[in-house]
Amino acid sequence: MRRRTKNPGELVLMTANPAELVVMGANPRKRSRKASGRRNPDSKLEGASELYQEFHGEAGKHVDEYHEPEPRPATLSELGDLIELQVKRPTGWKWAVFDFTGRGVKLASNAQGTQLYFISGNQKISKGELSHVGADNSKELVDLGEATLIAYRARKAHVDGIASNYEHKFGEETGIRPRLMYDCRGPQPRLFLSGGEYRIEAAGIIN
């Protein structure tokens with residue numbers, strides 16, 4: 001389910017219950033309860049709002065609601081649309097590239113800017129793809145390897161105000177990269193990043 005309103009304001013994500021994720025717009029001080037129908041700490045909403053505005057250079061203008069198969073942190077900020085993930089494999093093909101163009105996967109961050117999340121869309125990786133990159137497709141939780149690069153599309157008002165594709169190489173400062181994990185349990189498989197030393201700032205994803 002996805003819902004969009006015409007209310008202007010900050011764009012944040014927040015959980016409504018353990019199985020539902022809400023992308024929420026408008027001023028969190030005034031609309032956090034009205035839009036979701038549930039109580040949410042203003043400080044967390046404001047934190048996600050501030051990160052969104054810092055990253056995009058402007059406030060968001062819509063409210064979206066997503067239903068996710070697993071719980072997520074209480075508040076997330078949307079960063080853009082996921083395009084591609086690249087990983088380094090210990091076996092099989094040394095490098096693997098996963099293309100998410102047009103699959104509706106959102107890239108988001110917690111309010112602290114320390115953890116990236118992949119929200120909604122088609123995140124499925126076929127058993128054939130898993131075998132091709134040397135991953136064990138019999139597992140329900142799969143370690144896809146060391147994440148080396150992420151590409152996403154976003155509009156950043158403080159850059160040029162035009163929706164553009166951005167690429168980030170993980171570990172560019174410290175050499176410590178996160179690992180890309182795949183949870184294929186249930187009807188909605190999900191990807192997630194574990195570890196790493198990256199952070200989210202106005203300039204983009206750092207390290």
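Kindly provide the set of residues from segment 148-176 that are touching a Gly at 6+ places or on another chain (Cβ under 7 Å), open to solvent by 80 Å² or more (accessible area, probe 1.4 Å) and of a type in the set (Lys, Arg), ordered by number.
Residues satisfying the conditions are ARG153, ARG155.
Could you list, in sequence order, the residues of segment 89-123 that are in contact with an Asp or Glu (Cβ under 6 Å, 6 or more places away or on another chain) and either modelled with pLDDT of 95 or more or not in a strand (DSSP E or B) (or both)?
Within segment 89-123, ASP99 is the sole residue that qualifies.
Name the residues in segment 160-182 that are in contact with an Asp or Glu (Cβ under 7 Å, 6 or more places away or on another chain) and under 24 Å from LYS139 (Cα atoms), would you?
ARG177, ARG179, MET181
Which one of these is touching an Asp or Glu at 6+ places or on another chain (Cβ under 7 Å), over 24 Å from GLY102 (Cβ atoms) and not β-branched (Val, Ile, Thr): ALA151, ALA157, ALA203?
On the way: ALA151 fails: over 24 Å from GLY102 (Cβ atoms); ALA203 fails: touching an Asp or Glu at 6+ places or on another chain (Cβ under 7 Å).
After applying the criteria, what remains is ALA157.
So if I check each of ILE83, ILE119, which one is farther than 17 Å from THR148 by Cβ and surrounded by 14 or more Cβ atoms within 10 Å (Cβ to Cβ)?
Details: ILE83 fails: farther than 17 Å from THR148 by Cβ.
Matching residue, one of ILE83, ILE119: ILE119.
Whether any residue in segment 106-126 is closer than 29 Å to GLU54 by Cβ and β-branched (Val, Ile, Thr) is what I want to check.
yes
Just for strands (runs of 3 or more DSSP E) wholly inside segment 126-201: which have at least 2 residues that are under 21 Å from the mean Cα position of the chain (by Cα) and without any contact (Cβ under 8 Å) to a residue 24 or more places away in the chain?
Details: elements: 141-155, 163-169, 179-183, 190-194, 199-201.
Hits in segment 126-201: 163-169.
Only one of SER126, SER131, SER77 is more than 26 Å from ILE206 (Cβ to Cβ), open to solvent by less than 70 Å² (accessible area, probe 1.4 Å) and at pLDDT below 90; which?
Details: SER126 fails: at pLDDT below 90; SER77 fails: more than 26 Å from ILE206 (Cβ to Cβ).
Just a single option satisfies the conditions, and that option is SER131.
Among the numbered criteria (1) modelled with pLDDT of 65 or more; (2) open to solvent by 30 Å² or more (accessible area, probe 1.4 Å); (3) assigned to a loop (DSSP other than H, G, I, E, B), which one does ARG38 miss?
(1)
The values are calculated or read from the model by the stated rules, or taken from the named source; none is laboratory data. Everything quoted here is computed from the prediction, not taken from an experiment. Note that each Cβ is placed from the backbone with ideal geometry, even for glycine, and that neighbours are counted across all protein chains shown. Accessible surface is based on the protein model in full, side chains and every heavy atom, while ligands, DNA and RNA are left aside. Shrake-Rupley method; radii C 1.70, N 1.55, O 1.52, S 1.80 Å.
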